[in-house]
1. Of all accessible surface on region 265-318 at a 1.4 Å probe, what whole percent is carbon and sulfur?
2. Shape verdict for region 277-401, please, from the Cα gyration tensor: rounded (a/c under 1.5), prolate (a/b greater than b/c) or oblate.
3. Report, in debye and to the nearest 20, how large the dipole of region 86-128 comes out about its Cα centre when Lys and Arg carry +1 and Asp and Glu carry -1 on their Cβ.
4. Count charges around Gly10 for me, please; just the other residues with Cβ under 9 Å from its Cβ, Lys/Arg as +1, Asp/Glu as -1.
5. Quick one: Cα centre-to-centre distance for region 335-383 and region 434-466, in angstrom?
6. Any lysines with Cα under 19 Å of the Lys399 Cα? List them, leaving off those in the same chain fewer than 8 positions away.
7. Provide, in order from the shortest bin, the percent of all Cα-Cα pairs of the chain in each 20 Å bin, continuing until the bin that contains the maximum pair distance.
8. Rounding to the nearest 20 debye, state how big the charge dipole of the chain is about its Cα centre with +1 on each Lys and Arg Cβ and -1 on each Asp and Glu Cβ.
Amino acid sequence: MPKFILIGSGLAGGLLAAYLGRRGYEVELYERRADPREGNIVGGRSINLALSTRGIHALEQLGIADEVLKHAIPMPGRMIHPAGAGAKLHFSPYDRDPRNHINSIGRAALNTTVIEAALRYPNVRVFFNHRCTEVDLHSATARLIDSSQPLNPPSLGFGAAGPSTRLRPAPAGQASQRIASGDSIIGVDGAFSAVRQSMQKQIPNFQYDESYLAHGYKELTIPPGPDGSWRMEKNALHIWPRKSFMMIALPNPDGSFTCTLFWEFKGPRSFETTKTDDDIRRFFEEEFPDAVPLMPTLLEDFRENPTGSLVTIRCAPWSYKGKVALVGDAAHAVVPFYGQGMNAAFEDCVVLDECLARSPENRERAFADYFERRKENADALADLAVQNFIEMRDKTASKTFRAKKKLDHWLEAVLPGIYLPLYTMITFTRIPYAQAARRARVQDAIVCGAIAVALIILSALFWSSL
């Protein structure tokens, strides 16, 4: 059986290793960070995950969905916190069917579950503390630095004799270098993928585009109550929409909430200009007065947690012959505002698995089919995610937005199987993203046209009655 080298054991990397291991492939999975099962999680940069239908389906294929969902908290809708002290909260359901909900889950718990699922297969091996520095596309070999062992580098080079992985003892404090070789390398190493960077250098006319929002994000915390209880509604995604910026909060099993502030990097009121404790306290008391009493570590969190960037990445191709391929954020990073980044990456794993099953003797064809099935949908999701940021921060508190949501749910009820709101198609079905976006545009055009016709008829009836 072919041997796969996977670079990156994040959520999609662990899941893909399990899929490939299930098919009997030899798999070596390399991760630059330490083993998450040992509690080696760096705090302050993790936007909580919203697991939904596409991701659950991917987990079901490996029989681990129930195990994952044991750690999840269902969220059937958004709890809107309007501006102004004493403003009344408003709950907005995601779907007319109360059984449809997204699931808040911590990254560490899910990462551990998928890695353990992969290691159930004896043909899968996982190596932590290995950072990929370069990939040779032609020979499917990866150079890695092993920070777990103070060893001398081996003789490196992609020569005719083939790569060597022998390591020799070295003076203390000096990391070792390693070369991993297989039949194919798959980059599952995130938005700033080392595998993709090697493809950019070695593939002529490689198409690459990255675009950043003017907003960054910072993680904050609402701790549990003294008895471990949740201090806000547990089963909801909380959102404080403030036109040009917003804060969200997702529940955790320990009774805490992971909050994320999405705010401009620069401007009169921004991360750049809000530096002192008084500035921070004043901003939060003005904009999020109901949250401040629940955030005893606000000043510490704001000062110490890093400010992250929000990037969209598009590239092509996603593979080189049958030697190298990209999966997840390495191929198509999206901003987090549709809650679909992880779900889309998991769906990549399902599709790639299907393509490898269809062309088991021709990985080049399998990789090309995978790209053809996923590229259009990844691009569509990237656009939808940016659009949903505008909706979440600008529109969710408005009466017009709420009326549109109610109309969506009413049309879905009276036209079952015919009318589906866009959010429902993206989150609670497996309709391809691009197809869902097209269908939503057609539906909106029909609804707008019907409303316009109705208004014309009513106007004509009114004037004829005079």
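1. On the way: 1350 of 2720 Å².
Carbon and sulfur atoms account for 50 percent of the accessible area of region 265-318.
2. Working: a/c = 3.64, a/b = 2.42, b/c = 1.50.
It is prolate, given that a/c is not under 1.5 and a/b is the larger ratio.
3. Working: 6 positive and 3 negative charges, 9 e Å.
About 40 debye.
4. Working: positive: Arg33, Arg107; negative: Glu31, Asp189, Asp329.
With Lys, Arg at +1 and Asp, Glu at -1, the net is -1.
5. 37
6. List returned: Lys88, Lys243.
7. 22, 52, 23, 3, 0
8. Values: 54 positive and 51 negative charges, 108 e Å.
Value, rounded to 20: 520 debye.
The values are calculated or read from the model by the stated rules, or taken from the named source; none is laboratory data. In this text, all values refer to a predicted model and were calculated from it rather than measured experimentally. As a convention, Cβ positions derive from the backbone with ideal geometry for all residues, glycine included, and neighbour counts pool all protein chains shown. Ligands, DNA and RNA are stripped out before the accessible areas are found, and what is left, the full protein with its side chains, is counted by its heavy atoms. Shrake-Rupley method; radii C 1.70, N 1.55, O 1.52, S 1.80 Å.
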